[in-house]
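Read through the structure below, which is laid out as structure tokens, and then see the notes.
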Amino acid sequence: MRAATLARAAALALPVLQVAPSVTALPAVRRRWLPGLHGIGAPDRVALTFDDGPDPESTGQVLDVLAAHRVRATFFVLGAMLRRNPALGRRLVDDGHEVAVHGWTHDNLLLRGPARTVRDLTRAYDLVTDVTGRAPRFLRPPYGVLTAAALTAARRLRLRPVLWSCWGRDWTATATADTVARTVLSGLEGGGTILLHDSSRTAAPGAWRAGVAALPRVLAECRRRGWHVGPLSGHGLPAR
């Protein structure tokens with residue numbers, strides 16, 4: 001009887017443990033308790049990150065703007081997108097940028113079983129390593145939703161989960177260069193991490209253009225405030 005009770009309790013506890021880390025999708029939670037996950041680094045720096053690529057329609061144009069401003073960034077790629085566009089993945093590295101893991105597809109990990117989550121993140125990790133010749137260092141799950149299985153995979157693969165401290169809402173149909181720039185800058189402080197997108201495959205069609213158009217204004221304002229913009233690897237994140 002006691003063994004059966006314990007077994008039932010364990011069966012009930014496992015789903016709770018799986019979803020518990022998803023509370024960190026709330027910015028207020030991670031800002032207060034997990035600044036590293038929130039992307040807070042050295043106060044004189046800003047980390048620039050892009051999600052959802054590489055995309056032949058848009059990633060190249062993002063790279064052109066960054067090259068014109070001599071800025072490097074971290075690109076959280078989807079394995080399915082990288083598999084279709086390996087040349088773009090190699091260009092990311094050739095241009096001096098950092099490639100990190102966003103997942104295999106853009107599915108909320110709460111809708112994935114633990115085994116599938118670990119398998120998909122491992123596939124994405126292996127593909128990034130094979131295509132770019134460099135093992136990725138960071139993980140950002142789709143929608144910023146972590147699960148116990150994702151954390152298990154991250155530990156096995158030595159990936160550090162990092163979300164963001166501000167974004168541009170550049171995935172919406174109503175996004176413009178002005179709205180993206182204002183949204184980013186209204187939430188940005190020294191040490192922050194910016195989330196933008198170099199693909200609209202999981203967003204409103206063509207929404208990426210607003211983010212690209214906003215980039216020069218965002219970068220200029222960061223320079224005016226004395227912040228160095230770069231990838232997460234040089235961001236000065238606190239110890240885990």
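Can you give the net charge of the other residues whose Cβ lies under 13 Å from the Cβ of Ala207, counting K and R as +1 and D and E as -1?
Within the 13 Å Cβ shell, the charges total -3.
Out of Leu26, Leu82, Leu127, any idea which swings most in a Gaussian network model of the chain, alpha carbons joined below 10 Å?
Leu26
Counting only helical runs of four or more DSSP H residues, what would the 222 nm mean residue ellipticity of the chain come to if each run contributes -39,500 (n - 2.57) and the total is spread over all its residues?
Per the formula, -14000 deg cm²/dmol.
What does the net charge come to around Val229 if you take all other residues with beta carbon closer than 9 Å to its beta carbon, with K and R at +1 and D and E at -1?
For residues surrounding Val229, the net value is +3.
Per-residue HN-Hα couplings for region 227-240, Karplus 6.51 cos²θ - 1.76 cosθ + 1.60 at θ = phi - 60°, whole Hz, x for Gly and Pro?
After applying 6.51 cos²θ - 1.76 cosθ + 1.60, I find 9, 7, 9, x, x, 5, 4, x, 8, x, 4, x, 4, 5 Hz.
Quick check: the angle from helix 148-157's long axis to the longest principal axis of the chain, C-alpha only, nearest 10 degrees?
70 degrees
Under a GNM of the chain (C-alpha, springs under 10 Å), which listed residue has the highest mean-square fluctuation: Pro15, Pro205, Pro142?
Most flexible of the set in this elastic network: Pro15.
Expected output is a single nm value to one decimal: the length gained when fully extending between Arg83 and Thr174, i.e. 0.36 nm times separation in residues minus the C-alpha distance. What is it?
The Arg83-Thr174 span can extend by a further 29.7 nm.
Hey, if we sort Arg134, Arg112, Arg217 by accessible area with the 1.4 Å probe, largest down, what's the order?
The ordering from most to least exposed comes out as Arg134, Arg217, Arg112.
In degrees, nearest 10, range 0 to 90: what is the angle between the Cα axis of helix 177-187 and the longest Cα principal axis of the chain?
The two axes meet at around 60 degrees.
Only four residue types carry charge here, +1 at the Cβ of Lys and Arg and -1 at the Cβ of Asp and Glu. Report the dipole size of the chain about the Cα centre in Debye, rounded to the nearest 20.
Roughly 840 debye, rounded to the nearest 20.
I'd like the accessible area for His38: 1.4 Å probe, protein heavy atoms, all chains in place, Å² to the nearest 10.
10 Å²
Out of the DSSP beta bridges found with both residues in the chain, what percent are antiparallel (nearest 5)?
0 percent
Leaving out ligands and nucleic acids, and using a 1.4 Å probe, what accessible area per residue does region 43-153 come to in Å²?
Each residue of region 43-153 exposes 40 Å² on average to a 1.4 Å probe.
Out of [x] 16.5; [y] 13.3; [z] 12.6, which label holds the value of mean projected area of the Cα convex hull in nm² that was computed here?
[y]
How much of the accessible area of the chain, in percent, comes from carbon and sulfur atoms when a 1.4 Å probe is used?
That fraction is 57 percent.
The values are calculated or read from the model by the stated rules, or taken from the named source; none is laboratory data. Remember, it's a predicted structure, so these values are computed and weren't measured experimentally. For neighbour counting, all protein chains shown are included, and Cβ atoms are generated from backbone atoms with ideal geometry for every residue, glycine included. Note: accessible area is taken over every heavy atom of the protein model, side chains too, but ligands, DNA and RNA are not part of it. Shrake-Rupley method; radii C 1.70, N 1.55, O 1.52, S 1.80 Å.
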